[in-house]
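The values are calculated or read from the model by the stated rules, or taken from the named source; none is laboratory data. Fair warning: this is a prediction, and the values are worked out from it, not measured in the lab. Glycine also receives a Cβ, built like all others from the backbone with ideal geometry; neighbour counts cover every protein chain displayed.
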Amino acid sequence: MNRPEETEYAPHYQSYVEQVSESDIMAVLRGELDDLDVLLGRVPAEKETYAYAEGKWTVREIIGHLIDGERVFGYRALCIARGEKQNLPGFDQNDYMLTAPYGHIELEDLLSELRLVRLSNIAMFRSLDEEAWNRAGTANGNEITVRALAFIMAGHVRHHMNVLKERYLAS
């Protein structure tokens, strides 16, 4: 599958798409699960609730945010693949985090949930034909394709994995 063109997504997603240099997005989506297992296996229990600065998320909250993002991006991809014409809503990650329970859930359980959501999205993507992959819709007032959403999903995880490496696990 070809990488998405810059016209297939809003400019604020560029940094996520740039995180993914590979063209086999399905392999990337699957591989990130193993990468997350390895990375989060390095997090000692006492660091699960650590935030590197005031107002920043903890390790658990970052993984919770990835779960939320995975669900939202997956829902958008499904709707657009099925031909939805309505503008799909945006989501404010900070507002979501205000009522999210992630700080009280063990990291292992969060990782299991993220794995399940990602595997569900992979199964959905696997069922799509080329026309569905290229279909465009509107989310948060911006045109976006299903293909772009898959790359954004992967780039979003890579972005936060880099944050975890640099801000939480560097020593």
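In the set (1) in a helix (DSSP H, G or I); (2) within 23 Å of Leu128 (Cβ to Cβ); (3) of a type in the set (Gly, Ala, Ser), the condition left unmet by Ser23 is number (1). With the structure loaded, tell me whether Glu48 is among the charged types (D, E, K, R) and more than 23 Å from Asn94 (Cβ to Cβ) or whether it fails that test. Criteria not met by Glu48. For the range 98-106, indicate whether the set of residues that are in contact (Cβ under 8 Å) with a residue 24 or more places away in the chain, of a type in the set (A, V, I, L, M, F, W, C) and in a helix (DSSP H, G or I) is non-empty. Looking for residues that are in contact (Cβ under 8 Å) with a residue 24 or more places away in the chain, of a type in the set (A, V, I, L, M, F, W, C) and in a helix (DSSP H, G or I), one finds none in the range 98-106, hence no. No other residue among Leu98, Leu107, Leu114 is over 25 Å from Arg3 (Cβ atoms) and touching a helix residue (DSSP H, G or I) at 6+ places or on another chain (Cβ under 6 Å) apart from Leu107. Taken together, the criteria place Thr99 among residues that are surrounded by fewer than 16 Cβ atoms within 10 Å (Cβ to Cβ), β-branched (Val, Ile, Thr) and either within 16 Å of Arg71 (Cβ to Cβ) or within 16 Å of the chain's Cα centre (by Cα) (or both).
Being exposed (fewer than 12 other Cβ atoms within 10 Å of the Cβ), over 18 Å from His159 (Cα atoms) and either modelled with pLDDT under 95 or among the hydrophobic types (A, V, I, L, M, F, W, C) (or both) is a description that applies to Gly55.
Here's the yes/no breakdown for (1) touching a strand residue (DSSP E or B) at 6+ places or on another chain (Cβ under 6 Å); (2) part of a helix (DSSP H, G or I); (3) under 21 Å from Glu22 (Cα atoms):
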| residue | (1), (2), (3) |
| --- | --- |
| Asn121 | no, yes, yes |
| Leu128 | no, no, yes |
| Trp133 | no, yes, yes |
| Thr138 | no, no, no |
| Ala154 | no, yes, yes |
| Val157 | no, yes, yes |
| Met161 | no, yes, yes |
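Only one of the listed residues (Gly137, Gly155, Gly141) is buried (at least 17 other Cβ atoms within 10 Å of the Cβ) and over 16 Å from the mean Cα position of the chain (by Cα). That residue is Gly137. Each residue in the range 109-134 was checked for being surrounded by 13 or more Cβ atoms within 10 Å (Cβ to Cβ), charged (D, E, K, R) and either without any contact (Cβ under 8 Å) to a residue 24 or more places away in the chain or under 20 Å from Gln14 (Cβ atoms) (or both), and 0 pass. Being part of a helix (DSSP H, G or I) and more than 15 Å from the chain's Cα centre (by Cα) is the filter; apply it to the range 61-93 and report the residue that is farthest from Glu130 (Cα to Cα). Selected residue: Cys79. When Arg158 is tested against (1) farther than 19 Å from Ala27 by Cα; (2) in contact (Cβ under 8 Å) with a residue 12 or more places away in the chain, exactly one condition is not met: (1).
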